[in-house]
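Trainee: Below: one structure in structure tokens.
What follows is calculated from the coordinates using simple rules that are stated; it is not laboratory data. This structure is a prediction, so every number in the text was calculated from the model and none was measured. Glycine gets a Cβ as well: all are built from the backbone with ideal geometry, and neighbour counts include every protein chain shown.
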């Protein structure tokens with residue numbers, strides 16, 4: 001394992017994040033505050049509790065998940081797309097570093113950035129609602145696994161994209177709708193029976209349910225299914241990345 005090479009990639013990506021630290025952190029804080037004003041105050045005044053939890057507190061895991069998923073994809077996809085765009089990726093591919101070390105460097109940095117943003121949003125939430133975390137270690141586990149898995153997915157998008165517009169295509173048209181329809185701001189038990197069954201085909205439901213369980217001890221699906229969903233998604237992304245480097249798909253031409 002080429003530790004210095006991994007550290008060089010990781011350090012470069014983190015320096016880029018810290019150069020725009022205020023912009024990187026201000027955006028999620030402002031967005032979270034607006035969500036609390038709109039959803040927590042306006043809608044929360046009409047919905048007193050969901051599964052025994054105040055609506056303002058109930059939406060906190062959903063807000064964190066929404067930001068963490070989108071930020072993980074965005075950071076990882078841009079991180080690997082930019083070297084491909086300017087041509088420096090060929091120097092990296094010719095260097096004495098294998099694909100696993102490249103992935104660890106870029107995905108590790110993207111996951112770290114997303115984790116920082118997730119923690120900042122969590123801290124912001126404490127200023128708006130009274131929040132308790134029933135299983136803090138499980139919460140941290142779900143948060144880290146989500147950051148890693150969606151950073152891997154973002155890495156794949158960065159390799160696949162042929163222009164900057166395509167970098168935003170899947171996050172905007174696929175991930176964001178799935179997050180909103182995945183029980184981020186409501187429990188799927190509030191839906192009619194038919195739509196509850198349909199919701200179970202949304203993979204975000206399993207991630208969201210497990211993460212919310214770590215806060216409030218209540219889940220729409222079993223925690224084991226949530227962990228299995230994250231593990232399966234991570235394995236799938238790793239398999240796709242292995243195939244990309246094995247075949248040279250969109251990185252050697």
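Trainee: Contact order normalised by length for region 3-247, with contacts defined as Cα pairs under 8 Å and 6 or more residues apart; what percent is it?
Mentor: The normalised contact order for region 3-247 reaches 26 percent.
Trainee: For region 1-129, what does the relative contact order come out to in percent, with C-alpha contacts under 8 Å and a separation of six or more?
Mentor: Contact order relative to length: 46 percent.
Trainee: Hey, fewest Cβ within 10 Å first, where do 80, 251, 123, 9 land in order?
Mentor: Taking fewest neighbouring Cβ atoms as first place, the list is 123, 251, 9, 80.
Trainee: Now, a different point. I'd like the orientation of helix 223-247 relative to the chain: the angle between its Cα long axis and the longest Cα principal axis, in ° from 0 to 90, rounded to 10.
Mentor: Tilt of helix 223-247: around 20 degrees.
Trainee: Relative to the longest principal Cα axis of the chain, at what angle does helix 60-86 sit, 0 to 90 degrees, rounded to 10?
Mentor: Orientation of helix 60-86: about 10 degrees from the principal axis.
Trainee: Send over the per residue convex hull volume for the chain, Cα only, as a whole number of Å³.
Mentor: 130 Å³
Trainee: For each of 14, 139, 22, 190, count neighbouring Cβ atoms within 10 Å of the residue's Cβ, then give the residues from fewest to most.
Mentor: Final ranking by Cβ density, sparse to dense: 22, 190, 14, 139.
Trainee: Taking Cα atoms, how many degrees apart are the long axis of helix 203-216 and the longest axis of the chain, rounded to 10 and kept between 0 and 90?
Mentor: 60 degrees
Trainee: How big is D, in µm² s⁻¹, for region 79-154 by Stokes-Einstein at 4 °C and 1.567 mPa s if Rh is the Kirkwood radius over C-alpha pairs?
Mentor: Translational D for this selection: 89 µm²/s.
Trainee: Arrange 72, 199, 184 by Cβ neighbour counts within 10 Å, fewest through most, would you? Please list the in-between numbers first.
Mentor: Details: 72 30, 199 18, 184 21.
Ranked by crowding around the Cβ, least crowded first: 199, 184, 72.
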